[in-house]
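The values are calculated or read from the model by the stated rules, or taken from the named source; none is laboratory data. A quick note: this is a predicted structure, and the numbers were derived from the prediction, not measured. Here the Cβ positions follow ideal geometry from the backbone for every residue, glycine too, while neighbour counts run over all protein chains shown.
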Amino acid sequence: MKPTPKPAPDALELLHQTLYDGHPDRLAGLEQARLEDELGRRVRSLREAAGLTQAQLARRLGVAPGFVADLEEAAIETNYLLWLQRVAAVVSKRVQIRCVPLRRQLQTA
């Protein structure tokens, strides 16, 4: 019986190998972007669960509605953890941080 050939790596894996393997600075930037994206999603989730529009949340935070939109999209350079804490306080929540094992598989964007 003929041995089964290994499957070819998928495009995402090849891209990751090309752009990030051997480049810890790039990998750190990717992880930072993923963290900011996750925090932005949490801001949106908190806002939506509280039944607030971006404009309503912005008023409560004392910022422009565009800032809230940018925060939710991780489209600005800011202290996302600080803003997540402020949003949580507005909707009577608190932020809890925990560490989890690293994922070894590549994530899609």
*Index of the failed condition, Leu15 passing every other in (1) modelled with pLDDT of 95 or more; (2) among the aliphatic types (A, V, I, L, M); (3) surrounded by 12 or more Cβ atoms within 10 Å (Cβ to Cβ)*: (1)
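Specify which of the listed residues (Gly22, Gly40, Gly66) is among the small types (Gly, Ala, Ser) and outside any helix (DSSP H, G or I).
Details: Gly40 fails: outside any helix (DSSP H, G or I); Gly66 fails: outside any helix (DSSP H, G or I).
Sole residue among the options that is among the small types (Gly, Ala, Ser) and outside any helix (DSSP H, G or I): Gly22.
Out of all the residues in segment 2-12, is one or more within 21 Å of the chain's Cα centre (by Cα), modelled with pLDDT under 90, surrounded by 11 or more Cβ atoms within 10 Å (Cβ to Cβ) and closer than 28 Å to Leu102 by Cα? Step through it out loud before you land on a result.
Taking segment 2-12 as the starting set, the residues that turn out to be within 21 Å of the chain's Cα centre (by Cα) are 12.
Next, only the ones that are modelled with pLDDT under 90 stay: 12.
Next, from what is left, pick out any that are surrounded by 11 or more Cβ atoms within 10 Å (Cβ to Cβ): 12.
Next cut, closer than 28 Å to Leu102 by Cα only: 12.
Yes, there is a match, as at least one residue in segment 2-12 is within 21 Å of the chain's Cα centre (by Cα), modelled with pLDDT under 90, surrounded by 11 or more Cβ atoms within 10 Å (Cβ to Cβ) and closer than 28 Å to Leu102 by Cα.
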*Could you grab me the full set of residues in segment 66-87 that are without any contact (Cβ under 8 Å) to a residue 12 or more places away in the chain and either surrounded by 15 or more Cβ atoms within 10 Å (Cβ to Cβ) or of a type outside the set (A, V, I, L, M) (or both)?*
Gly66, Phe67, Asp70, Glu77, Thr78, Asn79, Gln85
*Scan segment 88-101 for residues that are surrounded by 11 or more Cβ atoms within 10 Å (Cβ to Cβ), assigned to a loop (DSSP other than H, G, I, E, B) and not charged (D, E, K, R) and jot them down.*
Val91, Val95
